[in-house]
Each structure stands twice: as C-alpha cells, then as structure tokens.
1. Does at least one position in region 53-64 carry a residue that is under 18 Å from residue 137 (Cα atoms), in a strand (DSSP E or B), modelled with pLDDT of 95 or more and in contact with a Lys or Arg (Cβ under 9 Å, 6 or more places away or on another chain)?
2. Within region 136-144, identify whether any single residue is assigned to a strand (DSSP E or B), touching a Leu at 6+ places or on another chain (Cβ under 6 Å) and open to solvent by less than 90 Å² (accessible area, probe 1.4 Å), and answer yes or no.
3. Please specify each residue of region 23-39 satisfying the condition of being over 12 Å from residue 54 (Cα atoms), touching a residue at least 24 places away in the same chain (Cβ under 8 Å) and either exposed (fewer than 12 other Cβ atoms within 10 Å of the Cβ) or not aromatic (Phe, Trp, Tyr) (or both).
4. Which ones in region 57-96 are open to solvent by less than 50 Å² (accessible area, probe 1.4 Å), more than 18 Å from residue 35 (Cβ to Cβ) and among the β-branched types (Val, Ile, Thr)?
5. Please determine whether any residue of region 116-134 is open to solvent by 50 Å² or more (accessible area, probe 1.4 Å), among the hydrophobic types (A, V, I, L, M, F, W, C) and part of a loop (DSSP other than H, G, I, E, B).
Amino acid sequence: MPALSPAERDEFLQQPGILCRIATVDAEGAPHVTPVWFICEDGAIYITPRAASEWLDHIRHDPRVALTIDDQHHPYRKVVIEGVAEVVRQPGDDAAWRDLYRRIARRYVPPEAADRYIEETIDQPRALIRVPLAGARIRTWRMPLEGEPYRGIWHDRYYLPGTKLAPVPPAEPSEGNQR
C-alpha cells in the first residue's frame with residue numbers, strides 16, 4: 001500500500017472525529033486496547049485518561065504503547081505509532097491544561113456540546129498523556145488512488161508467488177545480454 005507523505009499524515013491526524021486506539025501492556029504482560037479521543041499538536045499525540053483508567057496504570061508500569069489511528073472511509077488511511085508515553089500531567093492538575101482538553105473534545109463534538117461535556121465532567125480528574133512522534137516507529141498507508149497501480153493494495157510479502165498480483169521477479173540475464 002502506498003505510504004502517506006508527511007504532509008498527508010499530518011493532514012490526516014488533524015481531521016476531527018477519527019478515534020485513536022491505544023494499546024498498553026498490563027502488569028502481567030497482557031495487551032490492553034482502548035479507543036480514545038486524541039489531538040496531534042507540537043509533534044505529539046495527546047490523550048486524556050480518567051484517573052481510574054486501567055491503561056493509565058499500565059503506562060505508569062510500562063510506558064511502551066502502540067497507537068492505531070485509521071479512517072473508516074476510502075482511501076482507508078492508517079497510521080500506526082509505536083512509542084513511549086509520558087504522563088505530562090497527573091489527575092487533579094486538570095485546570096492547568098483544560099484548554100487543550102477543550103480542543104480535544106471539540107474534535108469529537110460540536111463546540112457548545114464540548115463545553116457542556118467539560119462542565120458536566122469537570123469534577124472527574126484526568127491525566128494528560130503525551131506520545132512524542134520523534135523517536136517513535138511510525139508506519140502509514142492507504143489504499144491506492146485513481147491512477148495508482150492496484151497491486152499496491154498490499155505489501156509484496158503478502159502475495160503468494162505466481163498469483164495474479166504477485167511481484168514479478170527480475171529476469172535472469174541471458175548469455176546474449178550479460179555485461
């Protein structure tokens with residue numbers, strides 16, 4: 001599949017309404033995945049777990065995370081980030097970063113509904129998690145667009161040799177065209 005250019009990736013991460021799924025590792029080493037609201041600003045993904053979120057405890061124990069952010073509509077853009085989460089703000093320090101939280105909420109609900117959501121849940125402390133893009137492993141892809149080769153729908157490793165869309169191996173040089 002074609003990778004997103006850095007500009008396409010950044011534009012995609014700014015689109016409202018797209019959920020992020022954060023994968024963490026619990027104390028026993030088992031995976032845990034949670035869909036979350038997010039915002040991408042200043043070269044990082046920001047997420048706001050509630051104080052009692054299991055996955056917040058997972059991050060405190062082991063900060064390695066994987067994030068999947070994907071589009072449900074053609075051209076099915078996808079971004080996978082494997083990185084290290086930082087707890088930037090502990091629960092109870094919400095007032096110091098409430099404007100960021102308001103920007104996150106407005107990505108998912110209309111501004112007036114976001115403001116009400118924040119006012120109704122203001123007494124429920126949240127942490128602020130940051131996953132820096134610098135130093136993270138980032139993979140992106142999308143479906144081929146009009147005019148791009150259809151065989152680009154999957155990575156070459158997925159095609160069985162000899163099947164319709166399998167890559168054609170380079171021809172062996174014959175005696176007549178060897179250099």
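1. No, region 53-64 contains no residue that is under 18 Å from residue 137 (Cα atoms), in a strand (DSSP E or B), modelled with pLDDT of 95 or more and in contact with a Lys or Arg (Cβ under 9 Å, 6 or more places away or on another chain).
2. yes
3. Across region 23-39, the qualifying residue is only 39.
4. Listed by number, the list holds a single entry, 87.
5. Yes, the conditions are met somewhere in region 116-134.
The values are calculated or read from the model by the stated rules, or taken from the named source; none is laboratory data. Just so it is clear, the structure is predicted and the values come from calculations on it, not from any experiment. Note that each Cβ is placed from the backbone with ideal geometry, even for glycine, and that neighbours are counted across all protein chains shown. Remember, those area values only see protein heavy atoms, side chains included, never the ligands or the DNA or RNA. Shrake-Rupley method; radii C 1.70, N 1.55, O 1.52, S 1.80 Å.
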